[in-house]
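Asks: Sharing a structure with you now.
The values are calculated or read from the model by the stated rules, or taken from the named source; none is laboratory data. Given the structure is predicted, the values throughout are model-derived calculations rather than measurements. Because the Cβ atoms are built from the backbone with ideal geometry, glycine has one as well, and the counts that use them run over all protein chains shown. What goes into the accessible areas is simple: the full protein's heavy atoms, side chains included, and nothing from ligands, DNA or RNA. Shrake-Rupley method; radii C 1.70, N 1.55, O 1.52, S 1.80 Å.
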Amino acid sequence: MPVHRSALVLAAAAPVALAALTGCSEGTETAASKLPERTCFGVFSRSDLGPLVGNGEQVKESGPADMRLTAVRRGATCSVDVDGKDRFLASATRQPLEQSFFWNTELIKPAADPLSLGDKGIVYNTGARVLLVCKGSDEPFQVELSLSGSTDQVEKGGSRPLFTRLMTKFVEAGKQQTQCAS
């Protein structure tokens, strides 16, 4: 049976194509796989942050283990860097009710959308913020929860739904960890 020239070309090209594909997949390991299973105050999973952290070699998470806030410890911030670049930031800030958090929404372009979480919330292309008014047995206080991240790797139009999902988890954990009773 004669061997056709096109079959020889295909047979020779297959190992080259396989080697090229293998090389590509090795260089595109997601940075999320290098994160702990739970990160940023124990709130987010690797898969939660995967779209924001993208690919990379060195992943560094910094911040306290929890966001328990008091009149003395008024803030907690967690950041995730990939190859020395900021990719994700989550923060919780506590202050007395008589002070107010100021969000200059006119500076956010495109305009922020309202977010129906907590007592007040907004979501925008690169993050989200929520205000919680806490009226527990002690002196009332308020907490601002804030998320931001690099959306270079997120599908167009997918960042606001992503930040809404992340903030939903963050608000639930934030209420528990900051002992915020509404």
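Asks: Test residue 70 against the stated conditions and say whether it is open to solvent by 40 Å² or more (accessible area, probe 1.4 Å), of a type in the set (Ser, Thr, Tyr) and farther than 18 Å from residue 173 by Cβ.
Replies: Details: open to solvent by 40 Å² or more (accessible area, probe 1.4 Å): yes; of a type in the set (Ser, Thr, Tyr): yes; farther than 18 Å from residue 173 by Cβ: no.
No; evaluated as a whole, the condition is false for this residue.
Asks: Can you find even one residue in segment 60-72 that is in a strand (DSSP E or B), within 14 Å of residue 149 (Cα to Cα), hydroxyl-bearing (Ser, Thr, Tyr) and touching a strand residue (DSSP E or B) at 6+ places or on another chain (Cβ under 8 Å)?
Replies: no
Yes/no matrix, rows are residues, columns are (1) in a strand (DSSP E or B); (2) in contact with a Ser or Thr (Cβ under 9 Å, 6 or more places away or on another chain); (3) crowded, with 23+ Cβ neighbours inside 10 Å; (4) touching a residue at least 24 places away in the same chain (Cβ under 8 Å):
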site: 132; (1), (2), (3), (4): yes, yes, yes, yes
site: 138; (1), (2), (3), (4): no, no, no, no
site: 147; (1), (2), (3), (4): yes, yes, yes, yes
site: 151; (1), (2), (3), (4): no, yes, no, yes
site: 164; (1), (2), (3), (4): no, no, no, yes
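Asks: Still on this structure, I have one more. Between a first residue in segment 81-104 that is of a type in the set (Gly, Ala, Ser) and a second residue that is in a loop (DSSP other than H, G, I, E, B) and open to solvent by 30 Å² or more (accessible area, probe 1.4 Å), which pairs have beta carbons less than 8 Å apart while being 6 or more apart in sequence or on different chains?
Replies: These pairs meet every condition: 84/58; 90/63.
Asks: Could you look through segment 166-181, keep only residues that are among the hydrophobic types (A, V, I, L, M, F, W, C) and without any contact (Cβ under 8 Å) to a residue 60 or more places away in the chain, and pick out the one that is surrounded by the most Cβ atoms within 10 Å (Cβ to Cβ)?
Replies: The residue in question is 167.
Asks: Report yes if residue 181 is among the aliphatic types (A, V, I, L, M) and either under 15 Å from the mean Cα position of the chain (by Cα) or closer than 17 Å to residue 116 by Cα (or both), otherwise no. Break it down into steps so the answer makes sense when it comes.
Replies: Details: among the aliphatic types (A, V, I, L, M): yes; either under 15 Å from the mean Cα position of the chain (by Cα) or closer than 17 Å to residue 116 by Cα (or both): no.
It is false that residue 181 is among the aliphatic types (A, V, I, L, M) and either under 15 Å from the mean Cα position of the chain (by Cα) or closer than 17 Å to residue 116 by Cα (or both).
Asks: What are the residues in segment 73-125 that are open to solvent by 80 Å² or more (accessible area, probe 1.4 Å), in a strand (DSSP E or B) and either touching a strand residue (DSSP E or B) at 6+ places or on another chain (Cβ under 8 Å) or modelled with pLDDT of 95 or more (or both), if any?
Replies: Of everything in segment 73-125, those that are open to solvent by 80 Å² or more (accessible area, probe 1.4 Å), in a strand (DSSP E or B) and either touching a strand residue (DSSP E or B) at 6+ places or on another chain (Cβ under 8 Å) or modelled with pLDDT of 95 or more (or both) turn out to be 86, 114, 120.
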